[in-house]
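Okay, so here's the structure we're looking at.
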């Protein structure tokens with residue numbers, strides 16, 4: 001990451017502190033839900049009966065460290081086989097777009113997500129971790145969907 005982007009990221013943490021929000025449901029479930037930047041949607045899912053069918057639900061705000069964390073968690077939990085990617089993608093960073101590119105295309109030798117249009121899609125993952133992720137999960141692309149009633153069939157039917 002370049003020094004200016006790193007400083008901007010640190011400044012954002014100070015000016016706009018954002019809590020990490022990850023919620024755990026049924027550890028035997030094969031479904032993970034990523035609501036990208038849609039906090040209201042995440043809270044609705046967590047407060048609903050859908051959470052009984054979800055292993056983990058959370059958000060994704062960055063195209064680098066966020067994806068590193070998501071991939072490492074998923075491959076450490078062999079039960080997770082499906083990621084429902086929903087909510088609004090973060091403007092500028094586009095982590096949802098980058099996650100889809102990683103899953104489809106992988107990364108190059110420098111750790112850059114192939115095909116990503118995000119500003120800094122550089123990961124610290126190994127090729128083995130990326131390969132495990134690609135082979136372990138299927139991503140259901142519902143990006144842009146913020147209505148919980150349109151996600152129920154996807155969540156309930158994939159466990």
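The values are calculated or read from the model by the stated rules, or taken from the named source; none is laboratory data. Because the structure is a prediction, the values reported are computed rather than measured. So basically every Cβ, Gly included, is an ideal-geometry build from the backbone, and we count neighbours across all protein chains shown.
Just a few scattered comments:
- Taken together, the residues in segment 117-156 that are touching a residue at least 24 places away in the same chain (Cβ under 8 Å) and under 14 Å from residue 68 (Cβ atoms) amount to 11.
- Hey, residue 96 in contact with a strand residue (DSSP E or B) (Cβ under 9 Å, 6 or more places away or on another chain) and on the phi > 0 side of the Ramachandran plot or not: no
- In segment 141-159, the residues that are within 15 Å of residue 81 (Cα to Cα), within 15 Å of the chain's Cα centre (by Cα) and buried (at least 18 other Cβ atoms within 10 Å of the Cβ): none
- Within segment 95-121, being modelled with pLDDT under 95 and either assigned to a helix (DSSP H, G or I) or buried (at least 20 other Cβ atoms within 10 Å of the Cβ) (or both) holds for one residue alone: 118.
- Among the conditions (1) in a helix (DSSP H, G or I); (2) touching a strand residue (DSSP E or B) at 6+ places or on another chain (Cβ under 8 Å); (3) over 18 Å from residue 28 (Cβ atoms); (4) modelled with pLDDT of 95 or more, the only one that residue 125 does not satisfy is (1).
- Residue 85 being touching a residue at least 60 places away in the same chain (Cβ under 8 Å) and crowded, with 21+ Cβ neighbours inside 10 Å: no
- Subset tally (residues that are without any contact (Cβ under 8 Å) to a residue 60 or more places away in the chain and within 13 Å of the chain's Cα centre (by Cα)) for segment 40-79: 17
- Evaluation of residue 33 against (1) part of a helix (DSSP H, G or I); (2) at pLDDT 95 or above (one fails), failing number: (1)
- Inside segment 63-94, residues that are part of a strand (DSSP E or B) and more than 25 Å from residue 44 (Cα to Cα) make up a count of 0.
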